[in-house]
Amino acid sequence: MNVKCLEFNFLPVNTYVVWDDTNECAIIDPGCFYPGENGKLAGFIQENNLKVKFLLNTHLHFDHVFGNTFVENTYSVKAHGNDADNPWIETISKRLAVFGMRYEGHVNPILPENVLREGDIIQFGNTTLHVMHIPGHSPGSLVFHNRKDKILFSGDVLFQNSIGRTDFPDSDGPALISGIRRKLLTLDPSTAVFPGHGPATTIEQEKHSFE
């Protein structure tokens, strides 16, 4: 499995393009916000002759969904994620105003037929991603695990030497810690972790953070 990380927007967010030798791919957390960022994402896909089969959101905080509408309209796909985070999309303009920013675009909430839950499987080409639901940073936070290649896309659940913020009104710190311990730190230590922000890490490295 191939992984390309593109860094977008003002926070900034890691947007991942994931594909295999069939050239079918998934886009995870398109954070495209500034002029030219949509083109950068589309350019990479075109240059590598990739076929977009899935748009996946680890969670629906605004910095991770800015590019959803562009991807949906350009590649005729609909976003998949957990609908417990839909309120973040429904109030995106209000939440951005806290940063003194305006948002002129539009993002669709996760449709019922595209809701992902614990144990679901995403299949494209020869690639399988297993879905784990680990609430705490947000109610609908998901991670995507490729067991074969030992790769984990952790969103804002787990970072290098850190975890996601839990100071939002709908956050739950104990639930986040519990989910990480039970579902992530029990994975193969060599599993590569690609987070929503910052550099990649491994499960082995992050185990030391919890000792």
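The values are calculated or read from the model by the stated rules, or taken from the named source; none is laboratory data. Worth saying up front: this structure is predicted, and the values here are computed from it rather than measured. Glycine also receives a Cβ, built like all others from the backbone with ideal geometry; neighbour counts cover every protein chain displayed. What goes into the accessible areas is simple: the full protein's heavy atoms, side chains included, and nothing from ligands, DNA or RNA. Shrake-Rupley method; radii C 1.70, N 1.55, O 1.52, S 1.80 Å.
Quick look at the values:
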{"item": "Sparse-neighbour loop sites [GluC sites (Glu not before Pro); region 48-110; at most 16 other C-beta within 10 Å; DSSP]", "result": "104"}
{"item": "Test item: Cα-centred dipole of the chain, Lys/Arg +1 and Asp/Glu -1 on Cβ, debye", "result": "80 debye"}
{"item": "Apportionment of accessible area to carbon and sulfur, region 68-211, percent (1.4 Å)", "result": "53 percent"}
{"item": "Near-label residues of region 154-195 by backbone N, under 16 Å of a point 7 Å along Cα→Cβ of residue 94", "result": "168-171"}
{"item": "Inter-label distance, nm, simple model (7 Å from Cα along the C-beta direction), residue 207/residue 162", "result": "2.4 nm"}
{"item": "Distance between region 58-117 and region 127-174 - C-alpha centres, whole angstrom", "result": "17 Å"}
{"item": "Environment charge of residue 195, counting only residues whose C-beta is closer than 14 Å and scoring Lys/Arg +1, Asp/Glu -1", "result": "-4"}
{"item": "Fluctuation leader among 39, 136, 67 - the chain, Gaussian network, Cα springs under 10 angstrom", "result": "39"}
{"item": "FRET efficiency, residue 73 to residue 23 (Cβ-Cβ, R0 22 Å, nearest 0.05)", "result": "0.55"}
{"item": "Residues residue 186 and residue 47, FRET efficiency given R0 of 41 Å [Cβ-Cβ distance, rounded to 0.05]", "result": "0.60"}
{"item": "Helix-derived mean residue ellipticity, 222 nm - over the chain, DSSP H n ≥ 4, -39500 (n - 2.57), to 500", "result": "-5500 deg cm²/dmol"}
